[in-house]
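The values are calculated or read from the model by the stated rules, or taken from the named source; none is laboratory data. Note that the coordinates shown come from a computational prediction; the quantities given were computed from them, not determined experimentally. Glycine also receives a Cβ, built like all others from the backbone with ideal geometry; neighbour counts cover every protein chain displayed. Accessible surface is based on the protein model in full, side chains and every heavy atom, while ligands, DNA and RNA are left aside. Shrake-Rupley method; radii C 1.70, N 1.55, O 1.52, S 1.80 Å.
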Amino acid sequence: MRLVESADVPESPQRQEAARDRTVETRKRPIADLAALIRPSHAAKAILLVPVALIGTSSPSLAEVVGVVWATVAFMVASAAVYIGNDIADRHRDRLHPVKRHRPIAAGRVGVLASGACCAVLLAALAAIVARAPASFWPLLVYLGLNVAYSRVLKHIPLVDVGAVAAGFVLRVVQGYEVTGDRAPAWLLITVFSMSLLLLIGKRRQELLEAGAGHRPALRGYTMELTNWLLQIASVLALVSGLMYLRDEGPFGPEHGQTAMMLSTPFALFALFRYLQRQLVGKEGGDPVRVLLRDRVMVANLMLWAATLGVTLVLVHHPALAAAAVHP
């Protein structure tokens, strides 16, 4: 009987795919990999949340606008430094995840020393920004401390892990109001917190589907049934608190807040329905930023919603335009 040499045996599709993955993971792309470290698409979190403080101001001063811009940049830099630090700390677990194993540090395309140096540069730039007005940047400093605690302890505690990350989104909003000197509306903070929980729980659910609890110890405290229940609770809280904010504390005033709430209800419901559809039917909740910003239906709904509230806000602050529209 002739022995078949191993070279004559065709490789299985699984081995061929693994070989391609190794080739991709070891390919050097210095500029692209350094850019991927800071996750530029996630800068939308600061860009969307920190300037919210300007919405309620009919005519913000130049100093307020400049302060909010610096606060937004500061949170973008702080978040980038946090992402790099977490990727360094989690590089071994990330290699067990089907998607995260392609990140530059986990894949070995960027070394730990180079990543640490990049993080140090970002922290130095952040220190220069904060030094302009240290007292007004306390939310950012709390954010950094919270993320240190998260990286070391909190991320391993089920339920606490998503709460800690959601608190970071709230701190972004508080930072904007701290710069402008206004009080952050309570209903708005509850809305941001509950919406963040909704997205984070959806992310945990997707991680359970894709890779199980091996790469994230906290996932052992979650089940599919639990995440389904938590999605429902967070959805209801986000919807109710958001509508209450528009009615009672939004920029439309007591006379027109109810109108803004009624106009927003169909858009808010559709946004929640669409997200849950993508999460439960399409199983695409692993990257909330991708779901929110790259889904055309979601983006169209959000743009129509923003346009509706924008027109309403203009008419509220300029009643002469409203009168001209009614009586041309």
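Summary table
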| read-out | value |
| --- | --- |
| Space enclosed by the convex hull of the alpha-carbon atoms of the range 191-270, per residue, Å³ | 87 |
| Cα centroid separation, the range 80-129 to the range 38-68 (Å) | 26 |
| Neighbourhood charge, 14 Å Cβ-Cβ cut-off, centred on ASN301 and excluding it, Lys, Arg +1 and Asp, Glu -1 | +3 |
| Carbon + sulfur, % of accessible area of the range 31-182 - ligands and nucleic acids excluded, 1.4 Å | 73 |
| Pair VAL297, VAL314: separation of 7 Å Cα→Cβ label points (nm) | 3.0 |
| Largest-first ordering by accessible area, 1.4 Å probe, given options LEU263, LEU37 | LEU263, LEU37 |
| Residue-by-residue Karplus 3J(HN,Hα) for the range 298-311, coefficients 6.51, -1.76, 1.60, Hz, glycine and proline x | 5, 4, 4, 4, 5, 5, 5, 4, 4, 5, 4, 5, x, 4 |
| Distance between modelled label sites at ALA120 and SER59, nm, 7 Å Cα→Cβ extension | 5.0 |
| Highest-first arrangement of 152-164, 185-197, where packing means the average Cβ count within 10 Å | 185-197, 152-164 |
| Under 16 Å from the SER41 label point (7 Å along Cα→beta-carbon), backbone N, the range 293-313 | 293-299 |
| Mean accessible surface per residue for the range 31-182, computed with a 1.4 Å probe while every protein chain stays in place, in Å² | 44 |
| Which of VAL68, LEU49, ALA120, positive extreme of dipole for the range 31-182 (C-beta unit charges) | ALA120 |
| Rg to Rh quotient for the range 31-182, alpha carbon positions, Kirkwood Rh | 1.00 |
| GLU207, GLU249, GLU225, reordered so the largest accessible area comes first (probe 1.4 Å) | GLU225, GLU249, GLU207 |
| Mean Cα-pair separation over length for the range 31-182, i.e. relative contact order, pairs under 8 Å, 6 or more apart, % | 35 |
| Radius 15 Å from Cβ of PRO51, net charge of other residues (Lys, Arg +1; Asp, Glu -1) | -1 |
| Shape call, the range 128-207: gyration tensor on alpha carbons, a/c limit 1.5 | oblate |
| Solvent exposure, largest accessible area first (probe 1.4 Å, DNA, RNA and ligands not counted), of MET298, MET224 | MET224, MET298 |
| Fraction of the pair-distance distribution of the range 216-322 above 25 Å, Cα-Cα pairs, percent | 34 |
| Net charge, GLU225 excluded, C-beta distance under 15 Å - Lys, Arg +1, Asp, Glu -1 | +3 |
